[in-house]
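First the structure, in the form of structure tokens, and then the observations on it.
Just so it is clear, none of the values below were taken in a lab; they were calculated from the coordinates. Just so you know, these numbers come straight off a predicted model, no measurement behind them. Methodologically, a virtual Cβ is constructed for each residue, glycine included, from the backbone with ideal geometry; neighbour enumeration extends over all protein chains shown.
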Amino acid sequence: MIKFENVTKNYDTNVGLEDVSINIDKGNFVFLVGPSGAGKSTFIRLILKELEPDKGNICINGMQVNTLPNRLIPQLRRSIGIVFQDFRLLPNKTVFENVAFAMEITHQSARNIRRQVPQVLSLVGISNKANMYPNQLAGGEQQRVAIARALVNNPTVLIADEPTGNLDPDNSWEIMRLLEQINIRGTTVLMVTHAKDIVDKMNKRVIAIENGRIVRDEYGDYGYKEEDARLHTGDYIGGGYRKYVK
Amino acid sequence: MLNSLKYTIKEAFMQVFRNAAMSIASIFSITAMLLILGIFFTITVNISLAIENVKDDFDTVSIHLLDETTYESASTMILQLEGMSEVEDVHYLDKDVALEQWTNDKFADNADIFDGLAKNPLPNSIEITVTELESAEKVAEVAKTFDGIEKINYYKESVDKLLKITESLRTGMMITMGFLVLISILVVSNTIKLTVFARHKEIEIMKYVGATNWFIRGPFLTEGIIIGIISALLSSGIVTLIYSRVVKAFSMDVSWLLDTGPVPVGFMTFNLAWIFLALGISIGACGSIVSMRRFLDT
Ligand SMILES: Nc1ncnc2c1ncn2[C@@H]1O[C@H](COP(=O)(O)OP(=O)(O)O)[C@@H](O)[C@H]1O
Ligand SMILES: [Mg+2]
């Protein structure tokens, strides 16, 4: 469950989010859309407590995030799985090790890891590549590994920041089917995207942000024209440090 | 907990090897630092020991009596001195006995040079052995109040001078050590900074997946400690080698200078190894903590 109450976050002079209230219930599938610089990444970083809000309340999976002590941040993040546009796999670890890594971090036993990792690899349909390295995989396969890593600790929420941004349409759709399947199993999915066709066809709840404000929140289509959608790409991710060119 | 420990140690060793060039550079500089420290240490300990031995030879106070002081009044003095807790032994030394001893000791070959003396130049004296050198002064103070005394001799001042020399040697060692420790911490922290930087992607992912800060720090801390331990072992080995050679050379050439000889190799190197290990580990740990402060503050 993700709940924002009148949340404001500014960066010096830039508006990040302005008086945003959102309620995403358990099991929801939500697209977060909007032009570049609208505040989508800010929204995600507030959920992860990478940023502190200037005003308002944030409640994630029953944890009051804005007052959560720093030592409980790991606990918060373990209840959230996260997937990025650029996959962020470790190049010197195999597929299996990349996923196992997320479990090692949470102090799990080798026995647990040996049991759990193959299960989640088979869920994302990449069991046969368990011993390969990321650079031996296609983009779509790498994203599956990233999703497996995000899921292996059984988070209640899966956040995907433009997960199909680096993928061709076929692979994008495969990832979407996977996310939908994960959602059906009960995981809340929050996906940031500029892919108009995907949002249109999926027909899920769509939240649109512009200039830090929610301008639309309803079930249905992407809501922007194709030309606008193109302007939305070339986004900054991860706090605006890196630019991704398609 | 055990799983994390295994993970931490495994990762730390991998880091040390992956970053071999820098690890070796850090090991070299810490080892060099520990060796300099070791040289200082062995010298200081040996000199201190020598001085302790010398102190034993100088824990006497000698009261020279005037010629007119009778044996009876000397006896009352001796009685009073014997009552003091600082005094271990007191005895009266007749000037004729003293002369005889003196001539026998120092001028055994040509004792006849004193034959021509009409009068014994030495005084009668009371010879006191004090329990420890530091009490000599107190005993002398009491003796000053006696009548019929010519002068009081004791060696406190010369021993004090020696003590001052060791004291400044020790201070010098401390300052040099502090300086070297600081440099070593900087070198280690630079090495670890490189690993942290090389792994910043991994660290970022770890944070997203919910690793605790200590879990992230663990391998880096351990990396520093491993570097420290390797340096300590290396320098212990080298110091043992060098010190045993020096001790051997000493016992052949110059052992007659000291009554007791240098501190035994086993004792010295055993203690030094522990000091090296403690220092190496602290330097390694401090180095990694310093390097991680800026990188892992969230
Ligand atoms: N670290 C930052 N420092 C200053 N301004 C920032 C920072 N991160 C984001 N912003 C600004 O906040 C606004 C929202 O950014 P962001 O949340 O990244 O948008 P989106 O992800 O929707 O493209 C933009 O105007 C951006 O320039
Ligand atoms: Mg963004």
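Could you list B:CYS286, A:CYS59 in order of exposure, starting from the residue whose Cβ has the fewest other Cβ atoms within 10 Å?
Details: B:CYS286 20, A:CYS59 16.
Ascending number of Cβ neighbours within 10 Å: A:CYS59, B:CYS286.
Long-range amide H contacts for A:GLU18: which residues qualify at under 5 Å (H placed 1.01 Å from N, peptide plane, sequence gap of 5 or more or a different chain)?
Excluding prolines and chain starts, which carry no amide H, the hits are A:LYS9, A:ARG213.
Which percent of Cα-Cα pairs in the protein assembly as shown sits in each 20 Å bin, short to long?
Each 20 Å bin holds this share of Cα pairs: 17, 31, 19, 14, 12, 6, 1.
Can you give me the long-range amide H partners of B:LEU93? Hydrogens built in the peptide plane at 1.01 Å from N, cutoff under 5 Å, separation of 5 or more residues or another chain.
Distant-sequence amide H within range of B:LEU93: B:SER125, B:ILE126, B:GLU127.
Between B:ALA198 and B:TRP214, what is 0.36 nm times their sequence separation minus the Cα-Cα distance? Round to one decimal in nm.
Working: separation 16, 0.36 × 16 = 5.76 nm, distance 1.85 nm.
Length difference between fully extended and current span is 3.9 nm.
Under a plain spin-label model, where a point goes 7 Å from the Cα along Cα-to-Cβ, how far apart in nm are B:PHE28 and B:LEU241?
Simple spin-label model gives 1.7 nm for this pair.
Using +1 at the Cβ of each Lys and Arg and -1 at the Cβ of each Asp and Glu in chain B, identify which of B:ILE36, B:VAL188, B:VAL239 lies farthest towards the dipole's positive end.
Positive-end residue among those listed: B:VAL188.
How many Cβ atoms of partner chains, on average, are near each residue of B:210-219 if near means within 10 Å of its Cβ? Before the final figure, lay out each step's value.
Values: counts 16, 9, 8, 4, 2, 5, 2, 0, 0, 0.
Average per residue, whole number: 5.
Which whole-angstrom value gives the distance between the alpha carbon centres of segment B:57-90 and segment A:1-55?
A separation of 94 Å, based on Cα centres.
So for chain B, Kirkwood radius off the Cα pairs, Stokes-Einstein at 4 °C and 1.567 mPa s: how many µm² s⁻¹? Could you put the intermediate results ahead of the total?
Details: Rh = 24.5 Å.
After rounding, the answer is 53 µm²/s.
On average over all directions, what projected area in square nanometres does segment A:4-114 have, based on the convex hull of its Cα atoms?
Values: hull surface 36.1 nm².
Reported value for the Cα convex hull: 9.0 nm².
In what order do A:THR94, A:THR193 fall by count of nearby beta-carbon atoms within 10 Å, going from fewest to most?
Details: A:THR94 18, A:THR193 26.
Least crowded to most crowded, the residues run A:THR94, A:THR193.
What nm distance separates the two modelled labels at A:GLU218 and A:CYS59, each placed 7 Å from Cα along Cα→Cβ?
2.8
Could you tell me what a quarter of the Cα convex hull surface of chain A works out to, in nm² with one decimal place?
Convex hull of Cα atoms, orientation-averaged projection: 12.8 nm².
Projected area of segment B:59-154, taken from the Cα convex hull and averaged over every viewing direction, in nm²? Before the final figure, lay out each step's value.
On the way: hull surface 25.4 nm².
The orientation-averaged projected area of the Cα hull of segment B:59-154 comes to 6.3 nm².
Residue by residue through segment B:61-69, which ³J(HN,Hα) values in whole Hz follow from phi under the Karplus form 6.51 cos²θ - 1.76 cosθ + 1.60 (θ = phi - 60°), with glycine and proline marked x?
Values per residue, Gly and Pro as x: 10, 10, 9, 8, 9, 5, 4, 7, 6 Hz.
Would you kindly state the longest site-free stretch of chain B, with sites defined as GluC sites (Glu not before Pro) in a DSSP loop (not H, G, I, E, B) surrounded by at most 12 other Cβ atoms within 10 Å? It would help to have the intermediate numbers written out before the result.
Values: sites that count: B:GLU68, B:GLU132.
Between the exposed loop sites, the longest stretch runs B:133-298.
Using the Karplus equation 6.51 cos²θ - 1.76 cosθ + 1.60 (θ = phi - 60°), what ³J(HN,Hα) coupling, rounded to whole Hz, does each residue of segment A:182-194 give in order, writing x for Gly and Pro?
5, 5, 5, 6, x, 7, 5, 10, 10, 10, 8, 7, 10
Let me know the charge dipole size of the protein assembly as shown about its Cα centre in debye, to the nearest 20, where only the beta-carbon of Lys, Arg (+1) and Asp, Glu (-1) is charged. Don't skip to the end; give the middle numbers.
Values: 54 positive and 63 negative charges, 1078 e Å.
Here the protein assembly as shown has a charge dipole of around 5180 debye.
Tell me the mean residue ellipticity at 222 nm calculated for chain A from its helices only (DSSP H runs of n ≥ 4, each -39500 (n - 2.57), averaged over every residue, nearest 500).
Values: 8 runs with 81 residues, N = 246.
It lands at -9500 deg cm²/dmol.
To the nearest 20 debye, what is the magnitude of the charge dipole of segment B:59-154 about its Cα centre, counting +1 on the Cβ of each Lys and Arg and -1 on the Cβ of each Asp and Glu?
260
For segment B:143-241, report the convex hull volume of the alpha-carbon atoms normalised per residue, in Å³, without decimals.
Working: hull volume 16.8 nm³, N = 99.
Per-residue hull volume (Cα only) is 169 Å³.
Please check which bits of segment A:61-100 a label hung off A:MET132 would reach, taking the label as a point 7 Å along Cα-to-C-beta and the cut-off as backbone N under 11 Å.
Of the residues in segment A:61-100, A:95 have backbone N under 11 Å from the label point off A:MET132.
Place a label point 7 angstrom from the Cα of A:ARG177 along the Cα-to-Cβ direction, then list the residues of segment A:119-146 whose backbone nitrogen is under 12 Å away.
Taking a point 7 Å out along Cα→Cβ of A:ARG177, the residues of segment A:119-146 whose backbone N falls under 12 Å are A:125.
Mind pulling up the Rg/Rh value for segment A:89-155? Radius of gyration and Kirkwood radius, both on Cα. Let's see the in-between values first.
On the way: Rg = 10.6 Å, Rh = 11.5 Å.
With Rg and the Kirkwood Rh in hand, the quotient comes to 0.93.
If you rank A:MET191, A:MET1, B:MET22 by fewest surrounding Cβ atoms within 10 Å, what's the result? Mind dumping the intermediate values first?
Details: A:MET191 26, A:MET1 16, B:MET22 19.
Fewest-to-most Cβ neighbours within 10 Å comes out as A:MET1, B:MET22, A:MET191.
So if I take the alpha carbon set of segment A:103-238, get Rg, then get Rh from the Kirkwood formula, what is the Rg over Rh ratio? Can you show the working numbers first?
Working: Rg = 16.5 Å, Rh = 16.5 Å.
Radius of gyration relative to Kirkwood radius: 1.00.
Quick check: Cα centre of segment B:133-157 to Cα centre of segment B:178-252, how many Å?
55
Which value at 222 nm does chain B reach when only helices count, each DSSP H run of 4 or more adding -39,500 (n - 2.57), with the total divided by all residues and rounded to the nearest 500 deg cm²/dmol?
-25000 deg cm²/dmol
Sequence-distant or interchain residues sharing an amide H contact under 5 Å with B:GLU88, placed H: which?
B:THR129, B:VAL130, B:THR131
With θ taken as phi - 60° and the coefficients 6.51, -1.76 and 1.60, list the Karplus ³J(HN,Hα) couplings across segment B:167-176 in order, rounded to whole Hz; mark glycine and proline as x.
Result, rounded to whole Hz: 4, 5, 4, 5, 4, x, 5, 4, 5, 4.
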